[in-house]
Amino acid sequence: MPQKILAGRAADPQLRGDLVQVKVDQVLLSRAPNRAFAEALAAGLKKTPVEVAIAYDSTCVTDAPWNHAAQQGTSLAVSHEMLSHGLLVARPGIGYPAPVHLERFASPARLALTDDPRLAPLGGVGMLVVVVSPGQLGQALAQGTVWLRPPRSVQILLSGKTRPFVCARDVALELIRRGIGEAVRRIEAQHRAPVVLEFAGTSAKLLNVSERAVLASIAPMVGAQAGLFLSDEKTESFLRDQRRSKAHRTLFADQGAPCDEAISLDLATVDPLLIDETGQIRPVRDLAGKPVSQAILGGDSGVTLRDMLAAAALLKSKRVPPRLDFLVAPPSRQVFEVMAQEGALADLAATGARIIEPDRRTMLGELYPPAPGKLSMRTCDPEPLAPGFLVASAETLAYTVATGAVGDPRAFKRPVRVTIPRTLPTDDVLVLRERRAEASAAKRPVPVAAVPVPWKGAATFDLSWLPEPPPDEKAASKAPKEEKEKGESRPVAVVATHLDAVRALLTLLIEGRSSARAVIAPLLPASLTHALAGLGVPAFQVDEAGLQALQGQRQLALPAPAQWNDPIPFQTPKGKGALLLMALGNERSWITAGTPRTAAPAAGKRSG
């Protein structure tokens, strides 16, 4: 299915070459809207040619430092000058980007680009969502096209029916536990191409779009580029309820279409699961009785409207335990209004819940972080390297709130019946569109794109580890005091020891919170490598022996980019290793130039 979407938009429908140029349908700015907008202006943006371009302002809780940073044009803010260039602006309070976009703008069989992996749930409606760099987003906004690696596919065949108190969140965690990440890594290693998870099977057609979105959200967690469902009668019904019937297009896999691997799951075998504070997926019963000090229901992924209403019904007439803080974060304004109309918000408030604003930093663990030494349970997908907390379904969280400790929701005995109203509120009052009066008004300050730093030759890097190296290695990893006093400044190469570290680093780079000039890691998914190249950051793969050899080293010398075509050997007192540049085709020219903005398109045959 992803190949069908790209082939219909590609200059070469056969998708030959390391990279192919494709037409973009939608652009979604979430992590660093101003930075992508600045790149678009630098690329000559007048009026964007894409079908939908929208910037989500998800900073609801502001203070004086934030207001000052926004006035200075921080990359995380949203400039209202976007309106005069054809972009929409979603104001704070509308909800989290993923559920809001799913309801109001997501369309099947379309290609969307974004800077935020947390928009992966949009694959539940049949939309292919790809994370790229701000420079590539700028190119798409200005020109309507982008260069992407053609993907491979892993098919996930769903059968059977879930048992009571087992939600889509539990199914998503079971899929991760079944080893989808291993399949993704095998295909990546063989083809050096991004992998898309295609959900199929008899039970995939029975899931509603919201449940499909929960399953699609696991793609970044296992190293896949995206998750994708078919578009069928369920999709059409969802869009009709959202008063967007015209957006529907069918999408299905062709009979006998090849895929690289298939994984089967019987939904009847799934039990209530959770992610523990160490990141391991375990049955809820394994942690039964553990006290929890905080619970957050809602968020941008992991729950559906039905789950929110079910949790409210299960908690009706209950009281929050004295040592537990219960927060409710409605995913979108639509969900908030439905819960209010159905009395669910009143029931939760009577339980002792606090309703919080849909600020993106809640999902990142920056707002309402877990108390030191205490457990926090949430329903949203975990952020890479964020403070550890339990992740579970809404019904598991409801049982935890009712008792104050982790427990199996099947102890409720009797499942609740939830009816979703067919008439949903669809007023886009918090979505700003261009108005003639605004267009004729004096122009406001606009962000300016950063000047790219091209690679000029060989360089010596200071090594930084993500996460930090073991305690006995920290001292050896620090630069000597005398070097710092001299004011010597070297570029930084980050050694990312696992997938979550690479994901976290990419986010930091997109938001401008890291100055890393190179990445070294044992696992580098093609989708992340592609986005890093768009930032001018080369990604080098190293094996476990090479990773061990780098431990305790403060510096590493790299030759000039012209010598990166072959493995780059290195030797340290701990052993030998080699670095392999993972960029392909045009990505190498982006790295050399420091940006895709000035890279000239070049055709190339697939290598590796």
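Observations
- Taking the listed residues Ala476, Ala549, the one that is in a helix (DSSP H, G or I) and modelled with pLDDT of 90 or more is Ala549, with no other qualifying.
- Top-ranked residue of region 448-461 - restricted to ones that are at pLDDT 85 or above and buried (at least 16 other Cβ atoms within 10 Å of the Cβ), ranked as nearest to Thr59 (Cα to Cα): Pro452
- For region 255-276, a residue qualifies if it is modelled with pLDDT of 95 or more, under 21 Å from Ala183 (Cα atoms) and assigned to a loop (DSSP other than H, G, I, E, B), and exactly one does: Val270.
- Some residue of region 241-248 being crowded, with 23+ Cβ neighbours inside 10 Å and either out of contact with any Leu (no Cβ under 6 Å at 6 or more places or on another chain) or under 22 Å from Pro384 (Cβ atoms) (or both): no
- Residue match in region 331-344 (condition: hydrophobic (A, V, I, L, M, F, W, C), within 22 Å of Pro117 (Cβ to Cβ), modelled with pLDDT under 95 and not assigned by TED's automatic domain parsing to the domain that holds Gln242): no
- Inspection of region 83-91 identifies at least one residue that is among the basic types (Lys, Arg) and under 24 Å from the mean Cα position of the chain (by Cα).
- Residue within region 119-132 that is within 24 Å of Ala504 (Cβ to Cβ), modelled with pLDDT of 95 or more and touching a Phe, Trp or Tyr at 6+ places or on another chain (Cβ under 8 Å) present: yes
- Among the helices (runs of 4 or more DSSP H) confined to region 332-410, the ones with at least 3 residues that are without any contact (Cβ under 8 Å) to a residue 40 or more places away in the chain and in contact with a helix residue (DSSP H, G or I) (Cβ under 9 Å, 6 or more places away or on another chain) are located at 344-351.
Table: residues versus (1) surrounded by fewer than 20 Cβ atoms within 10 Å (Cβ to Cβ); (2) closer than 21 Å to Ala32 by Cα.
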residue: Ile355; (1), (2): yes, no
residue: Met363; (1), (2): no, yes
residue: Thr379; (1), (2): no, no
residue: Val401; (1), (2): no, no
residue: Pro421; (1), (2): yes, no
residue: Thr426; (1), (2): yes, no
residue: Val446; (1), (2): yes, yes
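- When residues in region 307-344 are screened for being touching a Cys at 6+ places or on another chain (Cβ under 9 Å) and of a type in the set (D, E, K, R), 1 of them pass.
- Condition broken by Pro164, with the remaining ones in (1) assigned to a loop (DSSP other than H, G, I, E, B); (2) within 20 Å of the chain's Cα centre (by Cα) satisfied: (2)
The values are calculated or read from the model by the stated rules, or taken from the named source; none is laboratory data. Being a predicted model, the structure only gives us computed values, none of them experimental. Ideal geometry is used to build each Cβ from the backbone, glycine not excepted, and the neighbour counts take in all protein chains shown.
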